[in-house]
1. If you filter region 45-135 for GluC sites (Glu not before Pro), then keep DSSP loop positions with at most 12 other Cβ within 10 Å, what is left?
2. Sequence gap at least 6, Cα distance under 8 Å: using those rules, report the relative contact order of the chain to the nearest whole percent.
3. Can you check what the net charge comes to around A94, using other residues whose Cβ is under 13 Å from the Cβ of A94 (Lys, Arg +1; Asp, Glu -1)?
4. Would you mind checking which residues have amide H under 5 Å from A68's amide H? H placed 1.01 Å from N; only 5 or more apart, or other chain.
5. Assuming a ≥ b ≥ c are the square roots of the Cα gyration tensor eigenvalues, decide whether the chain counts as rounded (a/c under 1.5), prolate (otherwise, with a/b larger than b/c) or oblate.
6. Nothing charged except the Cβ atoms of Lys and Arg (+1) and of Asp and Glu (-1): what's the magnitude of the dipole of the chain about its Cα centre? Round to the nearest 20 debye.
7. Please identify every one of the trypsin sites (Lys or Arg not before Pro) in region 1-65 that sits in a loop by DSSP and has no more than 10 other beta carbons within 10 Å of its own beta carbon.
Amino acid sequence: MRAKPTRPIPVPTPLTQPFWDAARNGQLAIQRCQDCRTYFHPPTSVCMQCYSSRLAFEPVSGKGAIHARTIMHDGRIQGFGESVPFAVIVVELAEQRGLYLLSNLLDVPPEEARIGLPVEVDFEPMDGGFVLPQFRLSATMKA
Ligand SMILES: [Zn+2]
């Protein structure tokens, strides 16, 4: 019997490694310029506001709101076949306007991923010790 395909694991680069290390420790960390204090995601090698190269990862609240969403119905993508339909969301993090993180919304039917709803990060363990930051609707919205 063939093993069923598993969801692909992200491949960290030197620039993104701190993001994944933080996730493994149950923390959402976003790169921030140490001079002008602007956050960046995805990480960059130079601050796009002040051109500083003094960039470091800092923990953030893990709170935000759904900025955009789509629902994946196509089960042909290897490793995702058993998960469809699922919500792919763009979260605008609370720390900064326009600071976006692409993720999934867990726990609820994907059509409940509505733009503007508050969400909070959670951490989903994957194969090989990898941990993926994912989002759930904020507790106040579940009732
Ligand atoms: Zn800067």
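1. Here the GluC sites (Glu not before Pro) that fit, given the DSSP loop and packing criteria, are E82.
2. 22 percent
3. -1
4. Sorted by chain and number, the residues that satisfy this are V90.
5. It comes out oblate by the Cα gyration axes.
6. 140 debye
7. R2
A short reminder: the numbers here are calculations on the coordinates, not readings from a lab. Bear in mind that the values here come from a model prediction, so they are computed numbers and not experimental data. All Cβ positions, even for glycine, are placed from backbone atoms using ideal geometry, and neighbour counts span all protein chains on display.
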